[in-house]
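Everything below concerns the one structure shown next.
Nothing in this text is a laboratory measurement; each read-out follows from the coordinates by a stated rule. Given the structure is predicted, the values throughout are model-derived calculations rather than measurements. Note that we place each Cβ from the backbone using ideal geometry, even for glycine, and neighbour counts take in every protein chain shown.
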Amino acid sequence: MSHTPAEPVEDIEIKLLLEALYLRYHFDFRHYAKASIKRRLRQARDQLGFATFSAMQEKLLHSEAMVGTLLDYLTVQVSEMFRDPGYFKAMRERVLPHLRTYPSLKIWIAGCSHGEEVYSFAIMLLEEGLLDRTMIYATDINPGALEIARSGVYPLDRIAAFTRNHQQAGGKTSLADHYTTAYGRAVFDKKLRAQVVFSDHSLVTDEVFTECQLVSCRNVMIYFDRPLQDRAVGLFRDSLTRRGFLGLGSKETLRFSEHAGAFTDFVREEKIYQRSEA
Amino acid sequence: MSAEPVAAVVIGASAGAVQALSDILPRLPADYSLPIMVVVHVPTAPSGLTTLFAAKCAMAVVEPDDKEMIAPGSIYFAPPGYHLLVEPGGSIALSADEPVLYSRPSIDVLFESAADSFGPGLLGIVLTGANEDGARGAAAIEQRGGRVLVEDPATAYAATMPAAALARCSAARALSLDALSDYLIRAGSR
Ligand SMILES: C[S@@+](CC[C@H](N)C(=O)[O-])C[C@H]1O[C@@H](n2cnc3c(N)ncnc32)[C@H](O)[C@@H]1O
């Protein structure tokens, strides 16, 4: 009999755990990049005090309370306002002049985490006089993150970095114009989210829900394997109007995507692409 | 130590990194047969490491994008602000996860993922540094049957990091920078 080396037990357990999470709760992490999901699951296992992933799986299947906990380990909520200021500067100087020509605008921010990216766009659009005619769809799979995004409240100790980024991104107002402080927290102006719809949407299991002129999806697809990245980029392609724009994270690229042909480089250094004419 | 031929190299360095790497990487030939992945702790913002070493090295020096395929003969520097991991299929995966031991990129994160992907074929090298990043990762490399070398703490610019790795790895050897580069050249010459 031929003998192929057995898969490490840990890898088998991880597959089973992710399958359980999908079958039982419909959160699909089965095609996330393996190295990084393994690292995060090991963290969860050790910190939650499980001896094995199999023990974790049993708990997950029988206790609904476990899903939220696990979801917080599996999704990475690291963000900043105006993260990579050059990206927002390029949006302002190169993309907005095109978007300005539309009577009304739709922007989709996919994987919006705690909302930092959403408020960044809203402030920039306000500064450019475009917020009134824009709808922003802000989506994520983590309900807790969406709730924080909806509240627009951040710890004050994050504000210095946000302010610096905002200035470097070519901000025309002072960031302080857009929030008030209370109890050690910065509360962002409600008007910034008057035009924002926050909703639960997965790039893995859900479909296109609107037509838009700009998609910003940053540092979300780095957690996917390549076929899953193709699925997500396919959604963006189908969602974008002709000559619409797609912005990615600073180390993400369409170079390896099966949909690369549907886009052209628009601001290459900032990973901003334009949908080519179909 | 592993008897398998080396299939990939990972290097971690912190305080004093540029000098130490400058003693090693430029000596490797353009047709070097192994891929090398490097994590250097740098203050945020563009590191310029890639530009610096591209000018000094015969091998290709790359700051990879996410999901880039790992190719022999190339040196990959982790981009500032991202962890660099190795996917089982041999591509690079970046992550924006929280810093580990105050560092992003983290040496442990690279070493652990590379240990999972390359097993006994991995060679890990811990150079000068003033913290303990890399020790855990080096232990993971040994556990998976790979081999670990460290810069001799006695002569390293900062001894803490190689000493910490040495303490966690029973089979690791401490070598001078010269001896380290000789070892690397032998492991990857065609
Ligand atoms: C690292 S954060 C990126 C935040 C922000 N876009 C930025 O670049 O600063 C990644 C976000 O992607 C979300 N996410 C993970 N998987 C997702 C999926 N399948 N669909 C939508 N969002 C997802 C996570 O919940 C998390 O909020």
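State, as an integer percentage, the relative contact order of chain A based on alpha-carbon contacts under 8 Å between residues 6 or more apart. Don't jump to the answer; show the numbers that get you there.
Values: 413 pairs, mean separation 47.9, N = 278.
Taking the mean separation of contacting Cα pairs over the length of chain A, I get 17 percent.
Quick one: of A:Lys38/A:Lys59; A:Lys190/A:Lys271; A:Lys89/A:Lys271; A:Lys89/A:Lys190; A:Lys106/A:Lys251; A:Lys251/A:Lys271, which pairs are farther than 20 Å apart, Cα to Cα?
Numbers: A:Lys38/A:Lys59 18 Å; A:Lys190/A:Lys271 30 Å; A:Lys89/A:Lys271 13 Å; A:Lys89/A:Lys190 24 Å; A:Lys106/A:Lys251 25 Å; A:Lys251/A:Lys271 8 Å.
A:Lys190/A:Lys271; A:Lys89/A:Lys190; A:Lys106/A:Lys251, as the Cα separations exceed 20 Å there.
Do you know the relative contact order of chain B, to the nearest whole percent, from alpha carbon pairs under 8 angstrom that are 6+ apart? Mind dumping the intermediate values first?
On the way: 471 pairs, mean separation 47.2, N = 190.
Relative contact order of chain B: 25 percent.
What ranking do A:98-104, B:54-60, B:122-128 get when scored by the average of other Cβ atoms within 10 Å per residue, highest first?
On the way: A:98-104: 11.7, B:54-60: 15.1, B:122-128: 29.0.
Output ranking for A:98-104, B:54-60, B:122-128: B:122-128, B:54-60, A:98-104.
Order of B:86-93, A:254-261 by packing, highest average Cβ count within 10 Å first?
On the way: B:86-93: 20.2, A:254-261: 15.9.
Put in order of decreasing packing, that is B:86-93, A:254-261.
Any chance you could give the angle, 0 to 90 degrees and rounded to 10, that helix A:53-62 forms with the longest Cα principal axis of chain A?
In chain A, helix A:53-62 runs at an angle near 70 degrees to the longest axis.
Could you list log10 I(q)/I(0) for the protein assembly as shown at q = 0.06, 0.07, 0.13 Å⁻¹, which the Debye formula gives when each Cα is one point scatterer?
-0.29, -0.39, -1.24
What do you get for Rg/Rh over the range A:158-271 if you use C-alpha atoms and the Kirkwood form of Rh?
Values: Rg = 17.0 Å, Rh = 16.6 Å.
On the Cα set of the range A:158-271, Rg over Rh gives 1.03.
Quick check: net charge around A:Val197, other residues with Cβ under 13 Å of its Cβ, Lys/Arg +1 and Asp/Glu -1? Don't jump to the answer; show the numbers that get you there.
Values: positive: A:Lys106, A:Arg150, A:Arg193; negative: A:Asp140, A:Asp200.
Here the count lands on +1.
Quick one: helix A:9-25 against the long Cα principal axis of chain A, what's the angle to the nearest 10°, folded into 0 to 90?
60 degrees
For peptide B:107-113, what's the mean number of Cβ atoms from other chains within 10 Å of each residue's Cβ? Intermediate values should be presented prior to the final figure.
Working: counts 0, 1, 3, 1, 0, 4, 6.
Per-residue shielding by partner chains comes out at 2.
Provide the per-residue ³J(HN,Hα) series for the range A:259-266, in order, calculated from phi with Karplus coefficients 6.51, -1.76, 1.60 and θ = phi - 60°, each as a whole number of Hz, with x at glycine and proline positions.
With coefficients 6.51, -1.76 and 1.60, one gets 9, 3, x, 7, 10, 10, 4, 10 Hz.
Could you work out the local net charge near A:Glu252, counting Lys and Arg as +1, Asp and Glu as -1, over the other residues with Cβ closer than 10 Å to its Cβ?
+3
Average partner chain C-beta neighbours within 10 Å, per residue of A:66-79?
On the way: counts 0, 0, 0, 0, 0, 0, 0, 0, 0, 0, 4, 2, 7, 1.
That average works out to 1.
Using bins 5 angstrom wide from zero, how does P(r) for chain A break down, in % of all Cα pairs?
Going out from 0 Å in 5 Å bins, chain A shows 1, 5, 12, 15, 17, 15, 12, 10, 6, 4, 2, 1, 0, 0, 0 percent.
Per-residue counts of other Cβ atoms within 10 Å, averaged by peptide: what ranking do you get for A:169-180, B:64-75, A:264-275, highest first? Kindly include the intermediate steps, with their values, before the conclusion.
On the way: A:169-180: 16.0, B:64-75: 19.6, A:264-275: 18.0.
Ranked from most to least packed, the peptides come out as B:64-75, A:264-275, A:169-180.
Can you give me the angle between helix A:34-48 and the longest principal axis of chain A, using Cα atoms only, in degrees from 0 to 90, rounded to the nearest 10?
In chain A, helix A:34-48 runs at an angle near 70 degrees to the longest axis.
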